[in-house]
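I have placed the structure first, in the form of structure tokens, so that the comments after it can refer back to it.
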Amino acid sequence: MNRPVFKSHCFLNNLRLEKAVLFSCILKSEKPLNRRLSQKTQSNRHNFGETVDILGEHYQTDHLTNITPAIISKVGRNLHNVPFHPLNLIYKRIEAYFHQTFLRRGNPVFSAYNRLSPIVTLEQNFDSLLVPPNHVSRSPSDTYYINSKYMLRAHTSAHQRDLIRSGLDSFLVAGDVYRRDAVDSTHYPVFHQVEGVRLFSDFELFSKYPESSNLKLFEVGQREGNKQETHILETSHLVGSDLKKSLEGLMQSLFGEDLQMRWVEAFFPFTHPSWELEIFHQGQWVEMLGCGIMEQKLVDSSGAINKAGWAFGMGLERLAMKLYSIPDIRLFWSTDSGFLSQFQGKDCKDKITYKPVSKYPQCVNDISFWIPQNFSSNDFYDLVRSVSEDLIEQVELIDEFTHPKTKRSSHCYRITYRHMEKTLTQEEVNAVHKQIESDAASKLGVEIR
């Protein structure tokens, strides 16, 4: 379940890739979704014309269209399914843990889905998960919209309800997800998530405990910090214990039996109670996933009215960067043999440490401009990515200024250029930088200083 601004992944937006967990979602008070459509959003429709083609399908554009050609070029790459790609190795390792650990009459309890289309409806991505209408994750500055009906999923949780409706009660979903975000070594507008869901009937949950065998999952009660209003206390306790035991086992299978872990209470709109799991890795505590007991309203809307369950989500890039010591998220999209060859022919359980092939020098240029009303930094980050492809390592807002008399506001960004596979000349950098200035002025309405 594996960013809606979901603090990484939907349990993931402010976590984004850095906390790419499907469940990290923070409610914020904001104006309605249509409160602001940036000039960039409006110009994209003009750039595409009346329709946009994605995965062989034609979609009508409208006032909400803000997807870019650079993002469309990533759709369908499915790095998590590319043999021997580091994201594929990580996914296979997670899948193997669930298939080998959870068995029913000798067969895996969890089914796995890794080829579901990233094009979903707004209803699937938001409404089906109880995301409020005014939630910040619905903003065009955070999400890639194809039009007013379709979008690129912001988390794999968008498929959760449909899979439960199909009759499934235990499953994994892996896939590419899309969020407008900052530009640096740990953030990218496309990343990959894996999430898991497990549902229990009262018999399945209580039969292992003779003293609880006569209990039922539900009651008409009150919501408390450790339970939902529809769950008896034992339901919340046993489902939560099963969840934590399952995920602690997953982390130990990835990082070793001696791994230090801790649970941190969290809040997500689609689970209660909710937690984040942190591990002690390389001298610091690092959040790895978000999870919780699924809101019963969500489960009931999926047709499983006699069951309760848990869900979790995590980002594959974050895991791979920690396990394989990969320093820059752009490397996952590299076709350079110096990177890919280090994973070729490897088994998903092999210990692999990435060895940098070369470190090319940086070029740094600053850009300052007066910003129009309702300007969004994510619009600028998207524009930079569209112009530069992957030549830019980081874009950092280093100064904000408001003129005391005119009240106009100015931003200054430091853009760090570094190619992954060659040394850039200052002339090459200057040409890209001038294009960024030109496009920012024409598409975002800024005034270069």
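The values are calculated or read from the model by the stated rules, or taken from the named source; none is laboratory data. Just so it is clear, the model here is predicted, and its values are computed rather than measured. In this analysis, Cβ positions are derived from the backbone assuming ideal geometry, glycine residues included, and neighbour counts consider all displayed protein chains. Side chains included, ligands, DNA and RNA excluded: accessible areas come from the protein's heavy atoms. Shrake-Rupley method; radii C 1.70, N 1.55, O 1.52, S 1.80 Å.
For the stretch 411-421, check the following and say yes or no: at least one residue is touching a strand residue (DSSP E or B) at 6+ places or on another chain (Cβ under 8 Å), of a type in the set (A, V, I, L, M, F, W, C) and part of a loop (DSSP other than H, G, I, E, B).
no
Scan the stretch 137-163 residue by residue and report those that are β-branched (Val, Ile, Thr) and under 21 Å from Leu444 (Cα atoms).
Answer for the stretch 137-163, where residues must be β-branched (Val, Ile, Thr) and under 21 Å from Leu444 (Cα atoms): Thr143, Ile146.
Being open to solvent by 60 Å² or more (accessible area, probe 1.4 Å) and part of a helix (DSSP H, G or I) narrows it down to one residue among Glu211, Glu265; which is it?
Glu211
Of all residues in the stretch 183-192, how many are within 13 Å of the chain's Cα centre (by Cα) and within 21 Å of Pro140 (Cα to Cα)? Give the steps one after another, and end with the answer.
Step one: filter the stretch 183-192 for residues within 13 Å of the chain's Cα centre (by Cα), giving 186-192.
When the remaining residues are screened for being within 21 Å of Pro140 (Cα to Cα), the result is 187-192.
Going through the stretch 183-192 one residue at a time, the tally reaches 6.
Mind checking which pairs have a first residue in the stretch 369-390 that is at positive phi and a second that is open to solvent by 40 Å² or more (accessible area, probe 1.4 Å), Cβ under 6 Å, 6 or more apart or different chains?
Here the result reads Asn374/Arg36, each pair linking the stretch 369-390 to a residue that is open to solvent by 40 Å² or more (accessible area, probe 1.4 Å).
Scan the stretch 121-130 and tell me whether some residue there is touching a strand residue (DSSP E or B) at 6+ places or on another chain (Cβ under 8 Å), open to solvent by less than 10 Å² (accessible area, probe 1.4 Å), assigned to a loop (DSSP other than H, G, I, E, B) and under 19 Å from Ala174 (Cβ atoms).
no
Is it true that Ser341 is open to solvent by less than 60 Å² (accessible area, probe 1.4 Å) and more than 20 Å from the chain's Cα centre (by Cα)? Even if it seems obvious, please write down each step before you answer.
Working: open to solvent by less than 60 Å² (accessible area, probe 1.4 Å): no; more than 20 Å from the chain's Cα centre (by Cα): yes.
Against the criterion (open to solvent by less than 60 Å² (accessible area, probe 1.4 Å) and more than 20 Å from the chain's Cα centre (by Cα)), Ser341 does not qualify.
Residue-wise test of (1) of a type in the set (Ser, Thr, Tyr); (2) within 20 Å of Ser73 (Cα to Cα); (3) modelled with pLDDT of 95 or more; (4) open to solvent by less than 20 Å² (accessible area, probe 1.4 Å).
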{"site": "Met151", "(1), (2), (3), (4)": "no, yes, yes, yes"}
{"site": "Ala154", "(1), (2), (3), (4)": "no, yes, yes, yes"}
{"site": "Ile164", "(1), (2), (3), (4)": "no, no, yes, yes"}
{"site": "Leu168", "(1), (2), (3), (4)": "no, no, yes, no"}
{"site": "Ala174", "(1), (2), (3), (4)": "no, yes, yes, yes"}
{"site": "Arg180", "(1), (2), (3), (4)": "no, yes, no, yes"}
{"site": "His187", "(1), (2), (3), (4)": "no, yes, no, yes"}
{"site": "Gly196", "(1), (2), (3), (4)": "no, no, yes, yes"}
{"site": "Asp202", "(1), (2), (3), (4)": "no, no, no, no"}
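Go through the stretch 314-364 residue by residue and tally those that are of a type in the set (A, V, I, L, M, F, W, C) and part of a helix (DSSP H, G or I).
Total meeting the criteria: 11.
Within the stretch 269-313, which residues are in a loop (DSSP other than H, G, I, E, B), open to solvent by less than 40 Å² (accessible area, probe 1.4 Å) and either aliphatic (A, V, I, L, M) or in contact with a Cys (Cβ under 9 Å, 6 or more places away or on another chain) (or both)?
Of the residues in the stretch 269-313, the ones in a loop (DSSP other than H, G, I, E, B) are 269-270, 282-283, 295, 302-307.
Restricting the remaining residues to those that are open to solvent by less than 40 Å² (accessible area, probe 1.4 Å) gives 269-270, 295, 302, 304.
Across the stretch 269-313, the qualifying residues are Pro269, Phe270, Ala304.
If only one of Glu428, Glu421, Glu393 is farther than 28 Å from Ser325 by Cα and charged (D, E, K, R), which one is it?
Glu428
Picking from Ala96, Ala112, Ala70, which residue would you name as being touching a strand residue (DSSP E or B) at 6+ places or on another chain (Cβ under 7 Å) and open to solvent by 10 Å² or more (accessible area, probe 1.4 Å)?
On the way: Ala96 fails: touching a strand residue (DSSP E or B) at 6+ places or on another chain (Cβ under 7 Å); Ala70 fails: touching a strand residue (DSSP E or B) at 6+ places or on another chain (Cβ under 7 Å).
On inspection, the qualifying residue turns out to be Ala112.
Which one of Leu424, Leu397, Leu444 is surrounded by 13 or more Cβ atoms within 10 Å (Cβ to Cβ) and over 30 Å from the mean Cα position of the chain (by Cα)? Spell out how you get there, then give the answer.
Details: Leu397 fails: over 30 Å from the mean Cα position of the chain (by Cα); Leu444 fails: over 30 Å from the mean Cα position of the chain (by Cα).
Exactly one of Leu424, Leu397, Leu444 is surrounded by 13 or more Cβ atoms within 10 Å (Cβ to Cβ) and over 30 Å from the mean Cα position of the chain (by Cα), namely Leu424.
Pull up the stretch 270-312, narrow it to residues that are charged (D, E, K, R) and under 24 Å from Phe98 (Cβ atoms), then point me to the one that is modelled with the lowest pLDDT.
In this case the residue turns out to be Glu287.
Which of (1) open to solvent by 60 Å² or more (accessible area, probe 1.4 Å); (2) within 17 Å of Arg180 (Cβ to Cβ) is the odd one out, the single condition Asp382 does not satisfy?
(1)
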